[in-house]
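Report on the structure given below.
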Amino acid sequence: MTKFSPRFTEPSEDNPYYLSTLNPCIVIDGNSVLPNCVGYANGRSRELSDNQAQMPACNAVDWMNNTSYETGTEPRLGAVICWSGSYGHVGVVEAIDGDTITVSQSNYGGTRWFLTEHNVNDLDIPSHPFMGFIYNPYVEIDDGLSKQKNAVYRFYNISNGLHFMTADYDEAVRTRNNGWTYEGVAFFQSGDVPVYRFYNPNMGEHMYTVSDSEKDEMVSNGWKYEGIAFYSRQYGDEVYRLYNGGLGHHFTTSASEVTTAVKNGWQLEGIGWYE
């Protein structure tokens, strides 16, 4: 089993999973099986599984009937989504966000690689009705995320460079399943000082503060107040607050991480709160 890692960028020209040396699909350009939906979905499935997954090499419309793997109609990370119609079409699920899934794919005779979003309640695409999902048996979603008392879980989004924290275990699981990388427990909450959480839909950033005045200022500036994220202490071990332009704010208990961040252009804004 291999841990799932989403792909939000186009694979390189020399990525072996999309070349005929490792991919059994028809060669399209030189030694590459791209652009071709079956070539991509086969290569992506192999990439996710250290070359263990063996998806069909036939037309996409026949994949559901030519696999020995589990199939179904509910999306899972790393699963192949199959559409019928003419030669059919296939892609790979990279993220699940509520009722929206993000699918990576390629198009025969067209685009080498691209992403699309789909509502799980209507997965048909033009001229291609939805058939189902083929689940990759070698993809491991469990990355060590386990429920711990008073834990605040930290995540990183490789596609936009943002971090996110939550003390809600169910939300943590959803965040992980939506393609964020779980980085471990940021710290353990204690005390009775509320840490407020905000969301900026224009930037996609979450922000946290213990300051009542900053709370009011953020709301007046258009941030959505999401309630109390967790609790901190009046005094204790520092949780540092940093800021970097388009990447927004970042919080960490690690002095060495602060040093590295400052060297990379982040501004240390002081202590956010205490754990």
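The values are calculated or read from the model by the stated rules, or taken from the named source; none is laboratory data. From a predicted model like this one, the values you see are computed outputs, not experimental measurements. Note that we place each Cβ from the backbone using ideal geometry, even for glycine, and neighbour counts take in every protein chain shown.
Things worth noting here:
- Taking strands (runs of 3 or more DSSP E) as the structural unit, those lying wholly within region 1-109 and holding at least 1 residues that are hydroxyl-bearing (Ser, Thr, Tyr) and within 23 Å of the chain's Cα centre (by Cα) correspond to 100-105.
- Top-ranked residue of region 210-250 - restricted to ones that are farther than 21 Å from Ser190 by Cβ and aliphatic (A, V, I, L, M), ranked as surrounded by the fewest Cβ atoms within 10 Å (Cβ to Cβ): Val219
- Just one residue in the set Ser86, Ser106 is crowded, with 20+ Cβ neighbours inside 10 Å and either within 24 Å of Ile28 (Cβ to Cβ) or touching a helix residue (DSSP H, G or I) at 6+ places or on another chain (Cβ under 6 Å) (or both); that residue is Ser106.
- Residue check, Tyr156 closer than 30 Å to Phe251 by Cβ, under 13 Å from the mean Cα position of the chain (by Cα) and surrounded by fewer than 18 Cβ atoms within 10 Å (Cβ to Cβ): yes
- Restricting region 139-157 to residues that are in contact with a strand residue (DSSP E or B) (Cβ under 6 Å, 6 or more places away or on another chain) and part of a loop (DSSP other than H, G, I, E, B), the residue that is farthest from Glu74 (Cα to Cα): Asn150
- Unique match (being at pLDDT below 95, on the phi < 0 side of the Ramachandran plot and not assigned by TED's automatic domain parsing to the domain that holds Phe251) among Thr111, Thr100: Thr100
- Ala186 meets the conditions (1) more than 18 Å from Gly236 (Cα to Cα); (2) under 21 Å from the mean Cα position of the chain (by Cα); (3) touching a residue at least 12 places away in the same chain (Cβ under 8 Å) in every case but one. The failed one is (1).
- When region 196-210 is limited to residues that are within 15 Å of Glu269 (Cβ to Cβ) and aliphatic (A, V, I, L, M), the one that is farthest from the chain's Cα centre (by Cα) turns out to be Val210.
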